[in-house]
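Comments concern the structure below.
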Amino acid sequence: MTQRVELATVRDRLALDGLVTEYAVAVDDGDWEAYRGLFTPDGRADYRSAGGVEGSAGAVAGWLAKSFAEFPVRQHLIVNRRIRFGLLEQDRGDTARVRADYMSPMGGTGPEGASAAPDLLSGGRCAFSMVRRDDGWRLNEVVVREMWRRVDGPRAAPVVN
């Protein structure tokens, strides 16, 4: 590899890492406009393994907004990010996949609006498919695979991460 290629690869890896972080921040902040903006126009998300839905990023954002209203305190921790480039046929370095583990404590609020201990704690693995576009890297697909869940308190209904 030349230094130019190595530098481009490092820049792409940082951009992909940043995209995963922006995804987590948008979900935690309930910024559904930002969430939709992270995806390609035909981007999709699949939260069925966590009791959720699968569909276009816009439709899923609407569903997340309703589902997460009960959990105003959210903090997704996405770790162990494994990045692989060019996994699609005929790729020229413009596609990537990131597999990452997550843990997500979520809860309501306590007396006088103070944060309470998490009512729901879950973890699993996310698979992100990404495409480089003229405006940068975007999510083409997100698949969440919940592997475990602990529910404390009255919030036992299925909730996604």
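On the given criteria, is Gly93 touching a residue at least 40 places away in the same chain (Cβ under 8 Å) and not in a strand (DSSP E or B)? Against the criterion (touching a residue at least 40 places away in the same chain (Cβ under 8 Å) and not in a strand (DSSP E or B)), Gly93 qualifies. Among residues of segment 14-31 that are under 18 Å from Glu70 (Cα atoms), those with a beta-carbon under 9 Å from a residue that is open to solvent by 30 Å² or more (accessible area, probe 1.4 Å) and acidic (Asp, Glu) at least six positions away or on a different chain give the pairs Val25/Asp31; Ala26/Glu33. All but one of (1) modelled with pLDDT of 95 or more; (2) within 16 Å of Val25 (Cα to Cα) hold for Thr40; which doesn't? (2) is the only condition that Thr40 fails.
Quick check on Gly43: is it part of a loop (DSSP other than H, G, I, E, B), open to solvent by less than 30 Å² (accessible area, probe 1.4 Å) and of a type outside the set (A, V, I, L, M)? Taking the combined requirement at face value, the residue does not satisfy it.
The values are calculated or read from the model by the stated rules, or taken from the named source; none is laboratory data. Source: prediction; values computed, not measured. We place every Cβ from the backbone using ideal geometry, glycine too, and count neighbours over all the protein chains shown. Heavy atoms of the whole protein, side chains included, go into the accessibility calculation; ligands, DNA and RNA do not. Shrake-Rupley method; radii C 1.70, N 1.55, O 1.52, S 1.80 Å.
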